[in-house]
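Visitor: Encoded as structure tokens, here's the structure I'll be asking about.
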Amino acid sequence: MARSSRCRCDSTTSSRESECRPRGSRSRVSPAHCIGATRGCYPRQTGLVGRVTVRRGVARLTVGQPRMNAVDTLVAEEPLELRVGGRPLAVTMRTPGDDMDLFAGFLVSEGVLRQCDELLTLRYCAGRDEAGQNTYNVLDATLADGVADLPSLQRALVTTSACGLCGKASIDSVETTTPYSLRDDDLVVPTSWLAGLPQRLREEQKVFDRTGGLHAAALFDPATDELLVLREDVGRHNAVDKVIGWGLREDRLPLRGAVLLVSGRASFELAQKAAVAGIPVMAAVSAPSSLAVDLAERVGLTLIGFLRDPTMVVYSGVQRVAD
């Protein structure tokens, strides 16, 4: 995979806070402020580091044994409000961290963004908690002119969440919104290499080691044997969106020649996200759904399930898997 640094930013570009306004409006939206206004790059999310996990008192019980009081580490789950131009778009429950990648990947998955320069800014906009700290639970995006308007985005989200697109209609919709042809990707990967991916994924799941409660998604480059990026989240779809958002931030879309591995099952939604991002191979340690297989066959996605060394099941696109 070729790498470009055109949209990459490794440091916070602005610590100044500015009021969060809808595009073309002079009125401030709610009691909120924006932090980290950027163009084509992302500030570090230092305020979220300590919020990935929380500690809670628990009682550990074993049949026939005395009760034991203990402290357990839980994965954090908090709401994140997504705004476009200062106006509310959606709310998702997520594990704090990599929120800007999450929002960017969400917009890619919805067919809104295709390249880095279509996303002009991402800002944290939120009120203050009792300690006077930003809650980091509201993100506002500014999109390039002509990319999409808020009403059309809202209509699309309402239709999807209400199951207005189901079965064949869903697959037709993905074909329409996928800007890349997966069938043109001539990637071939050996089974011996694929079989080792779940262990590599597991070794990098640092938060899962402490909580046992997170899904993971990782992107691998077979050409270099590199684990490009790994993201964890309480929601498997969020983990995949965070990976795709990373791809947008690094200006790598489409993610040709890459393999996406997810820690759970392969649902239609995850296969859809892989297809829209131009990923030719998706593997899961568990089973795929029937609609995910239907979609994979339709768009040319290689879909692998039950990837557990030394075995796997290829449901679609077996030509990309070498014995």
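The values are calculated or read from the model by the stated rules, or taken from the named source; none is laboratory data. Quick caveat: nothing in here was measured; it's all calculated off a predicted structure. We place every Cβ from the backbone using ideal geometry, glycine too, and count neighbours over all the protein chains shown.
Visitor: Is it the case, given these coordinates, that Gly40 is modelled with pLDDT of 50 or more, among the small types (Gly, Ala, Ser), surrounded by 13 or more Cβ atoms within 10 Å (Cβ to Cβ) and outside the structural domain of His237 (by TED's automatic domain parsing)? Break it down into steps so the answer makes sense when it comes.
Guide: Values: modelled with pLDDT of 50 or more: no; among the small types (Gly, Ala, Ser): yes; surrounded by 13 or more Cβ atoms within 10 Å (Cβ to Cβ): yes; outside the structural domain of His237 (by TED's automatic domain parsing): yes.
No: the conditions fail for Gly40.
Visitor: Next question, about the same structure. Scan the stretch 219-269 residue by residue and report those that are in contact (Cβ under 8 Å) with a residue 60 or more places away in the chain, of a type in the set (A, V, I, L, M) and over 17 Å from Leu187 (Cα atoms).
Guide: Val234, Val240, Val243, Ile244, Leu248
Visitor: Let me ask something else. Picking from Thr142, Thr92, which residue would you name as being of a type outside the set (Gly, Ala, Ser), surrounded by 14 or more Cβ atoms within 10 Å (Cβ to Cβ) and under 15 Å from Gln154 (Cα atoms)?
Guide: Only one candidate passes the filter, namely Thr92.
Visitor: Taking the stretch 302-323 on its own, how many of its residues are surrounded by fewer than 21 Cβ atoms within 10 Å (Cβ to Cβ) and of a type in the set (Gly, Ala, Ser)?
Guide: Looking only at that region, the number is 1.
Visitor: Go through Leu122, Leu107, Leu165 for me and flag whichever is at pLDDT below 80, surrounded by 15 or more Cβ atoms within 10 Å (Cβ to Cβ) and not assigned by TED's automatic domain parsing to the domain that holds Val276.
Guide: The match here is Leu165.
Visitor: So, in the stretch 198-228, of the ones that are aliphatic (A, V, I, L, M) and closer than 11 Å to Ser263 by Cβ, which residue ends up surrounded by the most Cβ atoms within 10 Å (Cβ to Cβ)?
Guide: Taking the stretch 198-228 and keeping what is aliphatic (A, V, I, L, M), we get 201, 207, 214, 216-219, 223, 227-228.
Filter once more, keeping what is closer than 11 Å to Ser263 by Cβ: 201, 214, 216-218.
Working: Leu201: 22, Leu214: 24, Ala216: 23, Ala217: 30, Ala218: 25.
Step by step, filter the stretch 198-228, then rank; the result is Ala217.
Visitor: In the stretch 229-258, how many residues are surrounded by 24 or more Cβ atoms within 10 Å (Cβ to Cβ) and either assigned to a strand (DSSP E or B) or hydroxyl-bearing (Ser, Thr, Tyr) (or both)?
Guide: Number of matching residues: 3.
Visitor: If the requirement is being more than 15 Å from Gln205 (Cα to Cα) and among the hydroxyl-bearing types (Ser, Thr, Tyr), which of these qualifies: Ser267, Ser263?
Guide: Ser267
Visitor: Going through Asp233, Asp241, Asp251 one at a time, which residue ends up being at pLDDT below 95 and either under 26 Å from Leu143 (Cα atoms) or assigned by TED's automatic domain parsing to the domain that holds Ala76 (or both)?
Guide: Asp233
Visitor: Which of the residues belonging to the stretch 259-283 are in a loop (DSSP other than H, G, I, E, B) and either of a type in the set (Lys, Arg) or surrounded by 24 or more Cβ atoms within 10 Å (Cβ to Cβ) (or both)?
Guide: Applying the first criterion (in a loop (DSSP other than H, G, I, E, B)) to the stretch 259-283 yields 263-265, 267, 277-280.
Hits for the stretch 259-283 are Arg265, Ala277, Gly278, Ile279, Pro280.
Visitor: Does the stretch 284-301 contain any residue that is among the basic types (Lys, Arg) and crowded, with 24+ Cβ neighbours inside 10 Å?
Guide: no
Visitor: Out of Asp145, Asp140, Asp101, Asp117, I need the residue that is at pLDDT 90 or above, acidic (Asp, Glu) and in contact with an Asp or Glu (Cβ under 8 Å, 6 or more places away or on another chain). Which one?
Guide: Asp101
Visitor: Okay, moving on. Of the conditions (1) of a type outside the set (Val, Ile, Thr); (2) more than 17 Å from the chain's Cα centre (by Cα); (3) at pLDDT 90 or above, Gly127 satisfies every one except a single condition; which number is it?
Guide: Condition (3) is where Gly127 drops out.
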